[in-house]
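What follows draws every value from the coordinates through simple rules; no lab data is involved. Everything numeric here is computed off the predicted structure, so don't read it as measured data. All Cβ positions, glycine included, derive from the backbone under ideal geometry; neighbour counts span all protein chains shown.
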Amino acid sequence: MCEHKNFQAFIKVNRIQDGELGPVIGHEADIKIQCVDCKDFFEFVGVPTGLSPIQPMTSPDFTELRCPIIPSTKVKKPTTNYNPTMTIVN
Ligand SMILES: [Zn+2]
């Protein structure tokens, strides 16, 4: 039985476009974590499945966290949790 002591993470950053040739409307980080020894992927707990531009979601098997991200220099700093209605600063 593996004690899961060594890990590797896989992170992809995707640009989300409005349609196939449309402008970039957002970014998303896809994250997977695997035990190096037994190759088991870890599941993300308490996160709903699917895709969303305003909150983290997981793949149907819970092993890929799909997290919307924003450039920190373009948005007012939130004081608590991320608020998807916050104002973009130009
Ligand atoms: Zn393991």
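Report, for region 7-74, the % of DSSP beta bridges that are antiparallel, rounded to 5. About 95 percent, rounded to the nearest 5. Rounded to the nearest Hz, the phi-derived 3J(HN,Hα) couplings of region 46-61 under the Karplus curve 6.51 cos²θ - 1.76 cosθ + 1.60 (θ = phi - 60°) are x, 10, x, 8, x, 10, 8, x, 10, 7, x, 9, 10, 5, x, 9, where x marks glycine and proline. Annotation note: trypsin sites (Lys or Arg not before Pro) in region 10-63 located in DSSP loop regions with a Cβ neighbour count of at most 15 within 10 Å are 39. Using θ = phi - 60° and the Karplus relation 6.51 cos²θ - 1.76 cosθ + 1.60, list the HN-Hα couplings for region 10-21 in order, rounded to whole Hz, with x at every Gly or Pro. After applying 6.51 cos²θ - 1.76 cosθ + 1.60, I find 10, 10, 10, 10, 10, 8, 9, 9, 7, x, 5, 10 Hz. Restricting the chymotrypsin sites (Phe, Trp or Tyr not before Pro) of region 1-62 to loop positions (DSSP other than H, G, I, E, B) with no more than 14 neighbouring Cβ atoms within 10 Å leaves nothing. For region 1-25, the residues whose amide N sits under 11 Å from a probe point set 7 Å from the Cα of residue 37 along the beta carbon direction are 1-7.
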